[in-house]
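Presented below is the structure to which this report refers.
The values are calculated or read from the model by the stated rules, or taken from the named source; none is laboratory data. In this text the structure is predicted, and so the values were computed from the model without any measurement. Neighbour counts run over all protein chains shown; Cβ positions are idealised from the backbone, glycine included. Quick note on the areas: whole protein, heavy atoms, side chains included, nothing else; ligands and nucleic acids left out. Shrake-Rupley method; radii C 1.70, N 1.55, O 1.52, S 1.80 Å.
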Amino acid sequence: MLVSPEVLREQIVAVFEAWGAPAHKAEAAADVMVDTDLSGIDSHGVAMLQFYEELRDSGRLMLDAEPEVLEDRHGFAVLDAREGLGHPVAIEAMKSAAAKAKRSGIGAVAVRGSNHFGALGYYARLAVDEGCIGFVTTATRTKVASATGGVSPVLGTNPIAFSAPAAGGEPLVVDMSTSVVALNKVRAYGLRGKALPAGWVIDSAGEPLTDGLEAYELLRRGEATICALGGAGTENGGHKGFGLSLMVQILSSALAGAGQPGHEDDRDNLGHFFMAIDVSAGVSAETVPSYVAELIANVRSGPGEVLVPGEPEEASRRMRAAEGIPVPDALLDAVRGVAERAGAPFLIGG
């Protein structure tokens, strides 16, 4: 079914508010989730409602929590999300980092005690909206990726995002996991009945798994592993993906005092990191956007059709805004179930 972004947003807000989230938090989360679905990142949009329901039911998601400022310096701050929704605190953190950058040239905010906050590219683009280069990292809740040479999951998918304004066009946005694929993309493949490419997920014996739903459940139980970016070994650079993942873990968690990978306690203590650099702090406010635009033109100058990071998502946003967001039957049934259990109206297809 093709669902309009407006209806999908109303559905998400209705569920969050039925769960007890204040309107402004429900709307912030819905904005991020719908933008993510518009961007074609189907694993991190409305499909996450089931997971948020699990967190809420287990007492790990406090929908009315307000962030606490633990440290606030001229160019750096630390926030405790107090187990609240990840989306609203992430928006606050990036806007705060950008405000600090406007004063100091560069600003950063670390967050602890948070939850899943969707696709990082959304927050990286917020920095561009404020005239900044953006940089975002986050630790992830479930250990699903192995170390180089290891055979058991020891790290999360640990994504990273970067954004920069480009003169006369859309910003350059790099948004990727440091594993070969994100956990929820494995599930998204399963919901659509698509086979996983060999090399994405391996079982405890090192054999590839191609059934998305089976792989997702095994990953959730720690009985399978997503390969690091570059693959399981060193031949194709898997050690580089592992190194990037360690870097993301430290930036996201060490500065704010968040948890180790797979931390289990009375709170998840998930960590994020946001940094903004004011483009006007350089030679001039026009230098960075002009440079990025010229760089993009240069990389396009050779033969072939070059895809610049962020372009597929921008094309998807235009198409899905006009035609609607595709929601497969299995996901539609799942959202209906979430709404019914929450006591919220089911608004899709009515």
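Counting Cα-Cα pairs of the range 216-295 in 10 Å increments starting at 0 gives whole-percent bin shares of 15, 24, 31, 20, 10, 0.
If you wrap the tightest convex hull around every Cα atom of the range 203-350 and split its volume per residue, you get 266 Å³. Under 15 Å from a label point set 7 Å out along the Cα-to-Cβ vector of MET247, the amide N atoms of the range 161-193 belong to 161-163, 174-179. A 1.4 Å probe run over the protein chains yields, for the range 168-286, 47 Å² of accessible area per residue, whole-number rounding.
Return one quarter of the surface area of the convex hull spanned by the alpha-carbon atoms of the range 1-60, equal to its mean projected area, in nm².
Values: hull surface 16.2 nm².
Dividing the Cα hull surface by four gives the mean projection, 4.0 nm².
For the pair VAL283 and GLU235, label points projected 7 Å from Cα toward Cβ lie 4.5 nm apart.
Working value for the range 285-342: equivalent-ellipsoid semi-axes of 40, 15, 9 Å, each the square root of 5 times a Cα gyration tensor eigenvalue, largest first. Among the GluC sites (Glu not before Pro) in the range 246-312, those placed in a DSSP loop whose Cβ has at most 14 other Cβ atoms within 10 Å are GLU264, GLU286, GLU305. Pop the C-beta distance of LEU332 and VAL151 into the FRET formula with R0 = 41 Å and round what comes out to the nearest 0.05. Using R0 = 41 Å, I get an efficiency of 0.65.
Once neighbouring chains are kept in place and the probe is 1.4 Å, which whole percent of the accessible area of the chain is contributed by carbon and sulfur?
54 percent
Take the Cβ-Cβ distance between PHE51 and MET319 as r, set R0 to 35 Å, and report the resulting FRET efficiency rounded to the nearest 0.05. Given R0 = 35 Å and the Cβ-Cβ separation, E is 0.85. Taking label positions 7 Å along the Cα-Cβ direction at both SER104 and ARG60, the computed distance is 3.3 nm, reported to one decimal. The Rg/Rh ratio of the chain, with both radii computed over alpha carbons and Rh defined as the Kirkwood radius, is 0.96. Among the trypsin sites (Lys or Arg not before Pro) within the range 81-168, those in coil by DSSP and having at most 16 neighbouring Cβ atoms inside 10 Å are ARG82. Taking the Cα centre of the chain as origin and assigning +1 to Lys and Arg Cβ atoms and -1 to Asp and Glu Cβ atoms, the resulting dipole is close to 500 debye.
Sparse packing (at most 15 other Cβ atoms within 10 Å of the Cβ) combined with a DSSP loop state is found for the following trypsin sites (Lys or Arg not before Pro) in the range 291-327: ARG300.
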